Amino acid sequence: MRIGVFQCRVHQWFMVLMTCLAISHSARADDVDIYLPAYQASGGGGQPQVMLIIDTSASMQTAVGSSTRSRLQVTKDIVSGLVSKHPGINFSLSVFNDNRAQIQCNWFGTNCQVQELYNGGRVVQAFTNTPRQSGGERLSLLNTINALQANTSTPLCETMAEVYRYMNGRSVTYGKDSGGVEPLRDRNSEDKNGNYRRPLRACENVYVIYMTDGIPQWDTNANAGIRTLTGKPCGIYDAVDPLNSNRVSRQENCLPQLTRFMAERDLAPDLSGSQHAYTFTIGFTTQQQLLQDAAQPPPGISQGYYEANDRDGLDLAFSRILGSIIENETQSQRFSTVANIEGTENLGLVYAPGFLPRGYVPWTGNLKKFAVEAGQSVNPVKRDLWSRGISEVAAPNAVEQGGIGARLLEQAVSGRNLYTDLGKDAAFGPLARPGIDQTLDGDGIDARALGVLKQAGYSSRQLADWIYGRDVTGESETDIRPWIMGDIVHSQPLAINYGCADATSNCPVDRQRIRIFAGTNEGVLHAIDDASGSERWAFWPRETAAIAVYRMLNTRPEYPWPEDAGGQQYISQSTHYGIDGSPGAWLSYGTKIDSTGQRHATLDKAILAFGFGRGGRGYYGLNVTAPDEPKMAWHTAASDWGQSWSTPVAVTLADGRAVFLVGMGYDVMADRGPARLGAGMVVIDAQSGVIIASLKGPKDSVPATLTPVDRDFDGAVDGAFFGDTGGNVWFADLQLGDDGSDGKRTTSDWQLHQVATLGRHDQEGIDRAFFNRANLVRTYLDQKPVDLLMLGSGNRASPLDADSHDAFYILDVSRWLGGSLRTPVPGILSNNDLIEALAQDSTYMLRAPVDQRGFLDTSAFHGWRLMLPDGEKVLSDASTIAGNTLFTTYQPEVPADMCMAARGVSTLYGFSLPAWRDNGHRHEQQGATVKSANMGNYLQETPTFLIEGLRTRVLDSDRARRVAEVLGNESTSSTDDDNGCGQYDAEDEAFRECLVTAPLWWYQQ
């Protein structure tokens, strides 16, 4: 049995299932492997753990401002709301004991002695011992918060001392001394020997949020122990005088020394990695140095101390703290843009997908809307326009806050419109809402997944309710799931502008009907309204119905895969994949004349097509002409297709037919060898889904998106370029009509031609793969027209390979695009035919061959190759704007320990092409420098552009600075006559104005 492949049979089902699930842990290599540290990849870890310490002193009975609600009532309202809004956090709760003192003085009222009673505080809600807090545990926490009473003093340091004992697994001390007040201590935090059950987990930290409304009182009992523990002296701070509560005195308090110790010291050295406790403090109607000094936020978070004087201030303080804890470390920055209805420029709106990688539960995701605003120093402005409320707005980078994800939680209550093609006839139709229909025809759900579902005691109808958003497994304190939206890892959302509904020429942006279509690994395609961020409808296809089973039950998924000799086997992958492919669209525009006599563009027909990436095989086409009334257009697949990674590219053929071009897909079983599936490309009729042609020739699979070509610029596509996983480059001849010999070419005359062999078929033992879309640049070198195809090699399926030998290629394909049908087919290029760009100090130099007079020698020029350092690979598409080309690479790193993810480093490269100048009687070439800049960790895509009339902006200000580093003065060569058209202006973060006349619908893909 090959690793990661399942050939288990149906007999002895349960035993076989358990065996298969155990084997499934040996999954095949995947690019998402870089996001999880080893301990999480093996199923360890859990949600962030936050200990709340709430002041229950008598002063919390004081009314807030002019309201009738007390500080404690306001605090309980806010904290309860935040617990409900942060299902991705495991909460624990501690409060003060019934702290008081007995004061005994002599007959003269002097020589008084203070005996403190019921010192410190107690844990009233322990952390869960599972990775994720259950719905029942969260409901218990909310009930505990609601039961809090304000009836004690303020033992700030002593309570933290008890929390430290809990974190460290020491004996229960102050926790036994509550004074009998409720809520009582949580015995689940203790073992039978009177010690705390340490809540720390390997490689993970704990966070403490400490809120108080006053200075400490009767809070000295823990000082001596803390001095001994830390070996450091403690400071003197304001405190309530122990003899006169109306007077402030200066007393020793070791709270800052303890929080510093907890932040700096490994609290569980017997566990892998380092475990720390970081403290945030909130002064509610109080300002004091003690809280400032006690704040110990984690590295990378600058603010740890907050002040609040009213309800909104307290809500904001808690929200910002929780937001800073959960804001996802940026893995990859991607943006989708939207064009105006005419397709000539982008609107100032961008959409950013995100995902939250975790090893213990299926990944979650979100999509947020940001704006690019003139005059802002940072763009896009990090203010999610779909977020509502303080907690959502306070965390623009948090996956499980705000965005469409938060709106889905609301719609799961108010109602969603879901469609599916599940059922025996595979008919497209509405999915009945929960409670309306008690049954669901599960035909279309993979048999193995259906068996897993039934074995767990659930029905197909319950699975549909779960997809809808209902909690059927008990993971929430309500009947709605904690978070509904799945992760968006590889899929790139697509925005379509439908214009104004009343079709007038004066159509402002806020009235334009924009829909964003986003596929998620939940297995659902969402149609989102730009104006509100609400979901208009969603589609749950039968192809991804099985993944919902594995996500709902939180088990490792199994994907059906055809066997070599027929039949079906099952494979394992690194995570749960659903609609993992990017959508493409065929859009047919017309013109109308309004009542004023003005012409304007209208969208007359729209077909949305999408594949599944890692999630499956085949493609769907939906008729989305009416943006909120989808219809099934087609569903197509073939037995020799691999996983549908290729984004459908809509083009028009010479006979007027609209088609989608796609690669046949990725063969997950062909690891550095010939592919059985996916070896070719397909032409699909955009409206009917009929396969017009399947062109085969490669021995390797084709997961890449295709690059269409209009050779004669007549508006009809007559060719396409693409690479395969064997390092080969291909050209598809798609010409129709006159063949130049009084004959007519039909689709039966179409064929593939090999352009280049640059991998193992050219150099034995050197494995290179092309997963990315090739970038075709039709330009000039030394005033001679050339067609350059730019693409980089890199195995996207195995980014952690440190021994790869990849390269970025610039191929001269002019011979393929400039000749007639009778011209002999050009020869196949190899590595030796290309000029190797000289590398020095992270830069490369591009120089072309010249003749004796210094002019470009076209007969000797075939292109360049930029050989990358071992392990560095190109995993994203290259982009060219105004003569400047940008691409990114990824270099894996070996993590220092099991607690660190193999994040790796991304590098941005940028260059323009060589230029020639006449210097007196000499014709001289000026070589082009390829510069690089660090893009940060993880896989970073090539920067996204925003077309704004006559200028092109680089999205994201940090990326704009990286672009300035790599282009700088090397930006596209210009003469005095073109006023620097296309040169990059670092201060403006945009390319200098050039007239753009071609529609930019391509820009959305």
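The values are calculated or read from the model by the stated rules, or taken from the named source; none is laboratory data. As the structure is a computational prediction, the values presented were derived from the model and not from experiment. Positions of Cβ are generated from backbone atoms using ideal geometry, with glycine treated the same way; all protein chains shown enter the neighbour counts.
If I filter the stretch 568-584 for residues that are hydrophobic (A, V, I, L, M, F, W, C) and more than 31 Å from the chain's Cα centre (by Cα), do I get at least one hit? Quick ask: steps written out before the conclusion?
Kept after step one, since they are hydrophobic (A, V, I, L, M, F, W, C), are these residues of the stretch 568-584: 571, 579.
When the remaining residues are screened for being more than 31 Å from the chain's Cα centre (by Cα), the result is none.
Within the stretch 568-584, none of the residues are hydrophobic (A, V, I, L, M, F, W, C) and more than 31 Å from the chain's Cα centre (by Cα).
Anything in the stretch 880-903 that is outside any strand (DSSP E or B) and not small (Gly, Ala, Ser)? List them, or say none. First the steps, then the outcome.
Residues of the stretch 880-903 that are outside any strand (DSSP E or B), as a first pass: 882-883, 892-903.
Within the stretch 880-903, 892, 893, 894, 895, 897, 898, 899, 900, 903 meet the criteria.
Considering the stretch 746-794 alone, what residues qualify as being among the small types (Gly, Ala, Ser) and either at pLDDT below 95 or over 20 Å from residue 826 (Cβ atoms) (or both)? Quick ask: steps written out before the conclusion?
As a first pass, look at the stretch 746-794 and keep what is among the small types (Gly, Ala, Ser): 748, 756, 759, 765, 769, 774, 792-794.
Selection gives 748, 759, 765, 769, 792, 793, 794.
Taking the options 427, 495, name whichever one is in contact with a strand residue (DSSP E or B) (Cβ under 6 Å, 6 or more places away or on another chain) and either in contact (Cβ under 8 Å) with a residue 40 or more places away in the chain or in the same structural domain as residue 567 (by TED's automatic domain parsing) (or both).
Values: 427 fails: in contact with a strand residue (DSSP E or B) (Cβ under 6 Å, 6 or more places away or on another chain).
Going through 427, 495 in turn, the sole match is 495.
For the stretch 448-462, name all the residues that are within 16 Å of residue 555 (Cα to Cα) and either assigned to a helix (DSSP H, G or I) or touching a strand residue (DSSP E or B) at 6+ places or on another chain (Cβ under 9 Å) (or both).
So the first thing to find is which residues in the stretch 448-462 are within 16 Å of residue 555 (Cα to Cα), and the list is 448-458.
Scanning the stretch 448-462 gives 448, 449, 450, 451, 452, 453, 454, 455.
Which one of the conditions (1) free of Cβ contacts under 8 Å to residues at least 60 places away in the same chain; (2) hydroxyl-bearing (Ser, Thr, Tyr); (3) closer than 23 Å to residue 771 by Cα does residue 830 fail to meet, given that it meets all the rest?
Failed condition: (1).
Which residue, of 360, 306, is in a loop (DSSP other than H, G, I, E, B) and farther than 30 Å from residue 498 by Cα?
Values: 306 fails: in a loop (DSSP other than H, G, I, E, B).
Only one candidate passes the filter, namely 360.
When residue 551 is evaluated against the numbered criteria (1) at pLDDT below 90; (2) among the basic types (Lys, Arg); (3) under 20 Å from the mean Cα position of the chain (by Cα), which criterion, by number, is the only one it fails?
Going through (1) at pLDDT below 90; (2) among the basic types (Lys, Arg); (3) under 20 Å from the mean Cα position of the chain (by Cα) one by one, residue 551 breaks only (1).
Touching a residue at least 60 places away in the same chain (Cβ under 8 Å), assigned to a loop (DSSP other than H, G, I, E, B), more than 18 Å from residue 789 (Cβ to Cβ) and among the hydrophobic types (A, V, I, L, M, F, W, C): does that describe residue 650? Walk me through it before giving the result.
Values: touching a residue at least 60 places away in the same chain (Cβ under 8 Å): yes; assigned to a loop (DSSP other than H, G, I, E, B): no; more than 18 Å from residue 789 (Cβ to Cβ): yes; among the hydrophobic types (A, V, I, L, M, F, W, C): yes.
Considered against the rule, which asks whether it is touching a residue at least 60 places away in the same chain (Cβ under 8 Å), assigned to a loop (DSSP other than H, G, I, E, B), more than 18 Å from residue 789 (Cβ to Cβ) and among the hydrophobic types (A, V, I, L, M, F, W, C), residue 650 comes out as no.
Looking at the stretch 889-898, which of the residues that are surrounded by 20 or more Cβ atoms within 10 Å (Cβ to Cβ) and in contact with a helix residue (DSSP H, G or I) (Cβ under 9 Å, 6 or more places away or on another chain) is farthest from residue 958 (Cα to Cα)? Don't jump to the end; show me each part of the working.
Step one: of the stretch 889-898, the residues surrounded by 20 or more Cβ atoms within 10 Å (Cβ to Cβ) are 889-890, 892.
Subset that is in contact with a helix residue (DSSP H, G or I) (Cβ under 9 Å, 6 or more places away or on another chain): 890, 892.
Details: 890: 18, 892: 22 Å.
It comes out as 892.
Restricted to the stretch 375-401, and to residues that are polar (S, T, N, Q), assigned to a loop (DSSP other than H, G, I, E, B) and within 21 Å of residue 78 (Cα to Cα), which residue is farthest from the chain's Cα centre (by Cα)?
387
With the requirement that a residue be in contact with a Ser or Thr (Cβ under 6 Å, 6 or more places away or on another chain) and buried (at least 21 other Cβ atoms within 10 Å of the Cβ), what does the stretch 364-386 give you?
Residues of the stretch 364-386 that are in contact with a Ser or Thr (Cβ under 6 Å, 6 or more places away or on another chain), as a first pass: 365, 378-379.
Listed by number, the residues that qualify are 365, 379.
I'd like the residue in the stretch 665-714 that is under 25 Å from residue 814 (Cα atoms) and β-branched (Val, Ile, Thr) and, out of all such residues, is surrounded by the most Cβ atoms within 10 Å (Cβ to Cβ).
Going through the qualifying residues, I end up with 702.
Exactly one condition in (1) crowded, with 21+ Cβ neighbours inside 10 Å; (2) among the charged types (D, E, K, R); (3) not in a strand (DSSP E or B) is not met by residue 515; state its number.
(3)
Go through the stretch 911-964 residue by residue and tally those that are over 28 Å from residue 863 (Cα atoms) and charged (D, E, K, R).
Here the count works out to 7.
Identify the residue in the stretch 223-261 that is without any contact (Cβ under 8 Å) to a residue 24 or more places away in the chain and in a strand (DSSP E or B) and, among all such residues, is surrounded by the fewest Cβ atoms within 10 Å (Cβ to Cβ).
So the residue we want is 250.
Return the residue satisfying two criteria in turn: it lies in the stretch 437-453 and is small (Gly, Ala, Ser) and buried (at least 21 other Cβ atoms within 10 Å of the Cβ), and of such residues it is nearest to residue 572 (Cα to Cα). Show your work before the answer.
Within the stretch 437-453, the subset small (Gly, Ala, Ser) is 442, 444, 447, 449, 451.
Retained after the next criterion (residues that are buried (at least 21 other Cβ atoms within 10 Å of the Cβ)): 442, 449.
Details: 442: 23, 449: 13 Å.
Looking at residues that are small (Gly, Ala, Ser) and buried (at least 21 other Cβ atoms within 10 Å of the Cβ), I get 449.
If residue 218 meets every condition in (1) in contact with a helix residue (DSSP H, G or I) (Cβ under 7 Å, 6 or more places away or on another chain); (2) assigned to a loop (DSSP other than H, G, I, E, B); (3) surrounded by 22 or more Cβ atoms within 10 Å (Cβ to Cβ) apart from one, which number is that one?
Of (1) in contact with a helix residue (DSSP H, G or I) (Cβ under 7 Å, 6 or more places away or on another chain); (2) assigned to a loop (DSSP other than H, G, I, E, B); (3) surrounded by 22 or more Cβ atoms within 10 Å (Cβ to Cβ), only one is false for residue 218: (1).
Check 585, 531, 546 and return the single one that is in contact with a helix residue (DSSP H, G or I) (Cβ under 9 Å, 6 or more places away or on another chain), within 21 Å of residue 349 (Cβ to Cβ), crowded, with 17+ Cβ neighbours inside 10 Å and not hydroxyl-bearing (Ser, Thr, Tyr). Working first, answer last.
Details: 531 fails: crowded, with 17+ Cβ neighbours inside 10 Å; 546 fails: within 21 Å of residue 349 (Cβ to Cβ).
After applying the criteria, what remains is 585.
Is it true that residue 608 is touching a Pro at 6+ places or on another chain (Cβ under 6 Å), touching a residue at least 24 places away in the same chain (Cβ under 8 Å) and either surrounded by fewer than 17 Cβ atoms within 10 Å (Cβ to Cβ) or under 20 Å from residue 499 (Cα atoms) (or both)? Please lay out each step first, then the result.
On the way: touching a Pro at 6+ places or on another chain (Cβ under 6 Å): yes; touching a residue at least 24 places away in the same chain (Cβ under 8 Å): yes; either surrounded by fewer than 17 Cβ atoms within 10 Å (Cβ to Cβ) or under 20 Å from residue 499 (Cα atoms) (or both): yes.
Yes; evaluated as a whole, the condition is true for this residue.
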